[in-house]
Each structure stands twice: as structure tokens, then as C-alpha cells.
Amino acid sequence: MASPPPPVKLLGTFASLPVHRAEAALRIKGVPYELILEDLKNKSELLLTHNPVHKKVPVLLHGDRAVCESLVILEYIDEAFDGPPLLPADPYDRATARFWAHFIDTKCSRPIWLSVWAEGDRQREALREVKQNLALLEAQLEGKRFFGGDSIGYLDLAACGLAHWIGVIAESGGVSLDTLMSDAEFPNLRRWAAEYVSDEAVRLCLPDRDRLLAYHMANVDKNKERAKSM
Amino acid sequence: MSSQQQPAAPVKLITAFGSPFAHRVEVALTLKGVPYELVVEDLANKSELLLAHNPVHQSVPVLLHSGRAVCESLVIVEYVDEAFHQATAPRILPADPYHRATARFWADFIANKCLRPMWLSMWAEGEAQARFARETKESLGVLDAQLEGKRFFGGDALGFVDLAACTLARWLGVLEEVAGVRLMADGEYPALRRWAKEYVSDEVVRRSLPDRDELAAFFAANKERYRSRVREAVQQQ
């Protein structure tokens, strides 16, 4: 008799965007998993053993394998499990998806954070940069329901911050989402965001908005300090 | 190489002298047996070709294949691995999903935790410089341990992580001399030193490795510019 498939566990925490990417990928792929919530102020042996280099979440445990870094986890989930594909089949389309995911990870978070928490010129400059970045992503969505086409894929998961976190971060800093990503300037992104957060698989693992907002509002002073040293 | 193995469309690679990122792609193309034409940029005077095909970053390398552009060196390496995959050509990323994930993890570590602070440690000053140097050395230690008696990060053959780390094999030594910043002292990181020697003497790598003296002259000529750019970047923090 065939042995049961090795268990899948995901080490994560509540508000984490990278954790959501991994969890949503598992759900879309149809992979049963156990979510283990970490207290990052008191990291478990499990976390420290399986991500000794970064000591961060998410960590995907698949049998005795550990995979770290959310975008690496997404590709692993796509390759190791059967189910709907997360990345396109064509090498050029795959390269395009990876390019934009890398762009989002390296160019987007800092200006968004500063556009909410910095002051004066620094804040204005950051806002300009945010809009430049969003315009590029807006263009990528032209004529498409999701970055992945008809269904949510790798790049949609990579971009999830723009569907959910950006609005919460803005609100926690007393800034309207419309200041950063207005419907008038970014109709594709706003439409995509609404579709993303209401997707069946995504909804079940998206952090509750009110709770996420409370989490960010509880850290206002820390957020301002962080902006100063960025 | 038989004509049956030639790719259907010509491949162009936009590069610039001394770029370790473009070097990664050249090695990838050569490993896969893909003939290519180099278009060498003067980054102080960027061509329309470069600006049109990499409008987002305006940097090299850019791969042009069948009229389409691929940017970001490790994205290009994966593209080359997939688009020119043949039974007779070596794999750059391994076949197994877990080994692929491990390779991608280390490439990401090298980029963010090693190469970035390394560059900054060469040109920054004071407390910031010390911090970047410390971070780089810590990462070099981690990488040294990762090699644990392996010939290459990829095992017996050169692979994705070796390409990600190529800067450490040739560029680091040159930068240390030009900037006067020593990160790898004598006797430190023995596995990494041995790997670096293997890397630069590899038959395929040698074809697209910049000459050490030319590289040193290039960095020396640009060092004031690097220093002021890094000063600015550190001040913004």
C-alpha cells in the first residue's frame, strides 16, 4: 500500500504579507496544510532549526524539507505539487512574471512606507516614486483580469500587498488609499485588488482587515521611527 | 556543434565592460550552447536599444531573443535554462524542485546579504562602512560553510548558485585592492577561496571573465563616483 503523502506545514504569523503569499499558493494549488503560528518575540525551535539563516517566516515544511523566502516557496509549491499552475508555461511569460515579482519586492515597499510615514519633501518624493511604480504595474494589467491572466497566479500573489496591505498601511497613517492608488489614476489595479481579495481561496487566508489595521495602528511610533532610518 | 543544435533565432546580449551580472548570462548561454552576439554599452551614454528594452531599470544585462527582451540577470539565467533546454546541454538549475528551491534561496541570500553590503563596504565610510563589512564577512562565513567540501555550490558541476556568487570569485579580489578594503584576510574562508580558484579556471567561465588588470583599472577610474553615490545613499537613510 502506498505511504501517505508527507505532511505540509507552514510556519507563519498573523499580519505577514509573505506568509499570506505562501498560504494562498497552497490553497490555490489545493494542498492540505497545517498553519503553525509563531510568536516572533519568542521564536520556536522549529523555526530556528528550519530557517537558521534568516530566522523569519514563512517557512514551508514538506516532510523533512524546509523551504524559506516567500517567492522561492511559491515556485516550490508550483513545482512540487499537482494542481492549477501558478506560473505560466512559456519561458518568456515566466521570465516576465519573475521580473515583476522582483521589481515589487525590491522597489515597492520602501516608497510606500515612506509615503505614509515620512514627512515633508521625503514624503512627497516617496509618493512620486510610488505612483511611478504603480503606473508600471497598472500597464501590466491592461486587458487582463489578473496578472496571471484569467486566474490568480505567481505575480498576483507577489503583488498581494497592493490588494490589501497598502490600504491598511495608508489608513493607519491617516492617509487615504486614494492618495497613493486612486481609482481614477489606477483603475486596473483597484479593480484587480477588489477581485483578488474576494477570491475564494485568497479570502480564507487573508488577514482580517480590521485586525490588521489595529495591528498597524498599535505601532504608529515604531512606524515613524522606521521611516526615519530607511 | 552540429547545426541541428543551433537555436532558431539569434540571441543578442546587451552588456557593459566589467559587469558581473552580464557575465552570469554569458556563462549561462555558453553552458547551454547558445551562440550570441554581444552589444557593449557605454553606461555613461546609454543607447536607445538599452533604454527601449529595459525602460524600468536602464541597466545591463538585457537579453534579446526573438524580438523580446528579458531583464534582471538571474531571471535571464532561468530563462536561458528553460528556453534553450535540451537533453544534451547541462542544467543550470537542478531538476528536482527541492534542490531548485535551495538554489534560489542561496542566490537570494548572496544578492541581498552578501553582494549588496559588499559593494557598500567598499565605498562607504566610518560606522556605516564597518557595519557593511561586518555583515558581508558574516555572509561570507555562511557561504564558506555551505560549500562544505563541494567543488562548486552546484556540486560537481557549475550551476545557478555559482553564477549568483561569481562576483566573489573575481570582482571581490579586485575591489579589495582598488578600495583598500580587505574582507577576505589570509587564511579566512578556505572553502570559498578554493571555490573561487575553481570558478575562474573553469573552461566556460574563462571565456567571459574580465581581465583582472583591466577590471582594476576600470574600478580605479570610477572610484570617486562610487564613493559619492554610496555616500548619498547612506545619507538618505
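Of note:
- Dipole magnitude of segment B:160-237 about its Cα centre (Cβ charges: Lys, Arg +1; Asp, Glu -1), debye to nearest 20: 220
- Cα-projected label distance for A:T106 with B:A157, points at 7 Å along beta-carbon direction, nm: 2.8
- Dipole-positive endmost among A:P84, A:T49, A:H62 within segment A:28-96 (Cβ charges, Cα centre): A:T49
- Rounded if a/c under 1.5, otherwise prolate or oblate - segment A:1-106, Cα gyration tensor axes: oblate
- Overall, the anisotropy analysis places chain B in the oblate class: the square-rooted eigenvalues a ≥ b ≥ c of its C-alpha gyration tensor yield a/c not less than 1.5, with a/b not exceeding b/c.
- Averaged over peptide B:102-109, the number of partner chain Cβ atoms lying within 10 Å of each residue's Cβ comes to 5.
- Dipole magnitude of the protein assembly as shown about its Cα centre (Cβ charges: Lys, Arg +1; Asp, Glu -1), debye to nearest 20: 660
- Estimated FRET transfer efficiency when R0 is 25 angstrom, pair B:E232-B:V40 (beta carbons, to 0.05): 0.35
- Nearest-ten-degree value, helix A:187-198 long axis tilted from longest Cα axis of chain A: 40
- Checking every one of the GluC sites (Glu not before Pro) in segment B:133-208 against DSSP loop status and a limit of 13 other Cβ atoms within 10 Å picks out B:E148.
- Around the Cα centre of chain B, unit charges on the Cβ atoms of Lys, Arg, Asp and Glu (plus for the first two, minus for the last two) sum to a dipole of about 160 debye.
- Counted by Cβ distance under 12 Å from A:A89, the other residues give a net charge of -3, where Lys and Arg count +1 and Asp and Glu count -1.
- Considering only B:A69, B:A101, B:A165, the mean-square fluctuation computed in a Gaussian network model of chain B, springs between alpha carbons under 10 angstrom, is largest for B:A101.
- Whichever aspartates and glutamates have a C-alpha closer than 17 Å to that of A:K29, once near sequence neighbours (fewer than 8 apart) are set aside: A:E75, A:D78, A:E79, A:D82, A:D150, A:D156, A:D199, A:E200
- Positive minus negative residues near B:T15 (Lys, Arg vs Asp, Glu; Cβ under 12 Å): -2
- Taken as Cα centroids, segment A:29-108 and segment B:113-167 sit 23 Å apart, rounded to the nearest whole angstrom.
- Computed from the C-beta positions of B:R225 and B:R68 and an R0 of 41 Å, the FRET efficiency is 0.80 to the nearest 0.05.
- For chain A, the Stokes-Einstein estimate of translational diffusion at 4 °C and a viscosity of 1.567 mPa s comes to 70 µm²/s, using the Kirkwood hydrodynamic radius over alpha-carbon pairs.
- Inter-part distance, segment A:198-215 to segment A:136-178, computed on C-alpha centroids, equals 14 Å.
- A Förster radius of 22 Å, combined with the Cβ-Cβ distance separating B:R116 from B:R194, puts the computed FRET efficiency at roughly 0.35.
- Projecting the Cα positions of B:N54, B:A145, B:A164 onto the charge dipole of the protein assembly as shown (unit charges on Cβ atoms of Lys, Arg, Asp and Glu, taken about the Cα centre) puts B:A145 furthest along the positive direction.
- Cα-Cα over 22 Å, subset of A:K55/B:K113; A:K222/B:K113; A:K56/B:K113; B:K12/B:K46: A:K222/B:K113
- Summing charges over neighbours of A:L40, with a neighbour being any other residue whose Cβ is under 10 Å away from its Cβ, gives +2 when K and R count +1 and D and E count -1.
- Within 10 Å of each Cβ in A:66-78, the average number of Cβ atoms from other chains: 4
Read the figures in this text as sums done on the coordinates, not as results from a lab. These numbers come from a predicted model, not from an experiment. Every residue, glycine among them, receives a Cβ derived from its backbone with ideal geometry; neighbour counts consider all protein chains shown.
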